[in-house]
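Novice: Questions regarding the structure given below will be posed in turn.
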Amino acid sequence: MSWIPFKIGQPKKQIVSKTVERDFEREYDKLQKLEDQTKKLHKDMKKSTEADLAMSKAAVKISADLLSNPLCEQDQAFLDSMTALDTAMRRMDSFNQEKVNQIQKTVIDPLKKYSSVFPSLNMAVKRREQALQDYKRLQSKVEKYEEKEKTGPNMVKLHQAKEELRPIKEDFEAKNKQLLEEMPKFYNSRIDYFQPSFEALIRAQVVYFTEMHKIFGELTEQIDQGSLTDEKRERENEAKLNELRALSIRPVSNFPNLILKAITPARSSALRFGSPVPERPQPQRCTAHCVYLERRLRAQSVLRRWP
């Protein structure tokens with residue numbers, strides 16, 4: 001098998017030096033990595049803002065559900081606390097929406113605009129590669145006629161090939177020079193472009209969390225009972241737990257089991273946080289709280305029968 005040192009249609013003359021080609025590949029590789037990182041950052045920022053909005057909307061829904069809880073009708077102190085919580089959650093949602101809007105304008109939109117430049121760059125690189133292939137093809141054609149016998153017809157064909165090669169060579173050299181000059185400039189401009197966006201992101205976060213500190217500080221003052229010490233709160237919570245331990249319903253045969261199922265998650269949570277664990281309720285008299293729970297479970301059973 002004979003070894004062919006050159007591919008068919010490839011010129012023997014070195015068209016582009018290895019140094020120039022290596023520089024070009026290095027600069028283009030840096031831009032390809034920058035494109036991937038920019039797209040990933042744009043995607044992650046969108047996910048982050050969507051998660052922020054979902055969090056604040058969920059908090060508003062939870063506070064609204066608590067505010068509509070029937071217990072609010074029985075306990076004025078609980079109603080006042082839930083009203084304060086609902087107001088705080090709605091304020092939080094408003095500031096969060098404003099923060100997301102600022103991030104959208106100052107970070108996400110600029111990232112999207114920056115990413116839109118890369119398709120044009122990739123197209124310019126493809127045009128440069130196509131010009132290089134045309135350059136190699138015509139250079140190979142010129143070399144072929146130069147190796148032939150110096151006859152009149154061959155000299156005419158050689159002259160025509162050189163004339164055909166000249167504009168292709170100039171076109172490639174212009175494209176190659178432009179990309180070698182502009183790719184480093186574009187890569188180095190990333191800092192000046194993104195720095196204002198990231199500064200705006202930090203400022204938006206600072207403003208948001210400063211407002212959150214104020215909102216939750218005011219909420220704490222509204223719902224906190226300053227006259228109670230930690231020991232008093234512990235005794236008060238223990239007394240309430242003792243009331244819960246005494247709850248039981250005897251007229252409805254399956255109802256005590258339902259209560260036990262309902263309080264099982266609370267017992268698990270109490271174990272995790274080190275709080276006293278309620279014991280199994282002992283059969284005693286029915287209370288108003290039990291009546292409320294029985295009515296609520298009956299209402300839920302009716303709702304489950306709906307299609």
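Novice: In the range 115-127, is there at least one residue being touching a helix residue (DSSP H, G or I) at 6+ places or on another chain (Cβ under 7 Å) and surrounded by 19 or more Cβ atoms within 10 Å (Cβ to Cβ)?
Specialist: no
Novice: Can you tell me which residue among LEU158, LEU219 is within 30 Å of ASN96 (Cα to Cα) and either modelled with pLDDT of 95 or more or surrounded by 15 or more Cβ atoms within 10 Å (Cβ to Cβ) (or both)?
Specialist: LEU219
Novice: Take the residues in the range 72-82 that are part of a helix (DSSP H, G or I) and free of Cβ contacts under 8 Å to residues at least 24 places away in the same chain; name whichever of them is surrounded by the most Cβ atoms within 10 Å (Cβ to Cβ).
Specialist: Within the range 72-82, the match that is surrounded by the most Cβ atoms within 10 Å (Cβ to Cβ) is MET82.
Novice: Quick one: in the range 57-71, of everything that is open to solvent by 40 Å² or more (accessible area, probe 1.4 Å) and aliphatic (A, V, I, L, M), which residue is farthest from VAL100 (Cα to Cα)?
Specialist: Across the range 57-71, the extreme among qualifying residues is LEU71.
Novice: Could you please tell me which pairs satisfy a Cβ distance under 9 Å, a separation of 6+ or placement on different chains, a first residue in the range 139-157 that is under 19 Å from PRO11 (Cα atoms) and touching a residue at least 24 places away in the same chain (Cβ under 8 Å), and a second residue that is outside any helix (DSSP H, G or I) and of a type in the set (A, V, I, L, M, F, W, C)?
Specialist: Close Cβ pairs (under 9 Å, with a partner that is outside any helix (DSSP H, G or I) and of a type in the set (A, V, I, L, M, F, W, C)) amount to GLN139/ILE15; SER140/PHE6; SER140/ILE8.
Novice: Let me ask something else. Is it fair to say ALA54 is surrounded by 13 or more Cβ atoms within 10 Å (Cβ to Cβ) and out of contact with any strand residue (DSSP E or B) (no Cβ under 6 Å at 6 or more places or on another chain)?
Specialist: Judged against the criteria, ALA54 is not a match.
Novice: For the range 174-187, indicate whether the set of residues that are in a helix (DSSP H, G or I), among the hydrophobic types (A, V, I, L, M, F, W, C) and open to solvent by 80 Å² or more (accessible area, probe 1.4 Å) is non-empty.
Specialist: no
Novice: Could you tell me whether LEU31 is modelled with pLDDT of 90 or more and of a type in the set (A, V, I, L, M, F, W, C)?
Specialist: Judged against the criteria, LEU31 is a match.
Novice: Also: Count, please, the residues in the range 34-45 that happen to be under 16 Å from VAL100 (Cβ atoms) and buried (at least 16 other Cβ atoms within 10 Å of the Cβ).
Specialist: Residues that pass the stated criteria total 2.
Novice: Here's another thing I want to ask about it. Would it be correct to say that LYS13 is charged (D, E, K, R) and outside any helix (DSSP H, G or I)?
Specialist: yes
Novice: Sticking with this one: So is LYS112 open to solvent by 80 Å² or more (accessible area, probe 1.4 Å) and in contact (Cβ under 8 Å) with a residue 40 or more places away in the chain or not?
Specialist: Yes.
The values are calculated or read from the model by the stated rules, or taken from the named source; none is laboratory data. Remember, predicted model here, so these are calculated numbers, not experimental data. All Cβ positions, even for glycine, are placed from backbone atoms using ideal geometry, and neighbour counts span all protein chains on display. When the accessible area is computed, the model is the full protein with side chains, heavy atoms only, and any ligands, DNA or RNA have been set aside. Shrake-Rupley method; radii C 1.70, N 1.55, O 1.52, S 1.80 Å.
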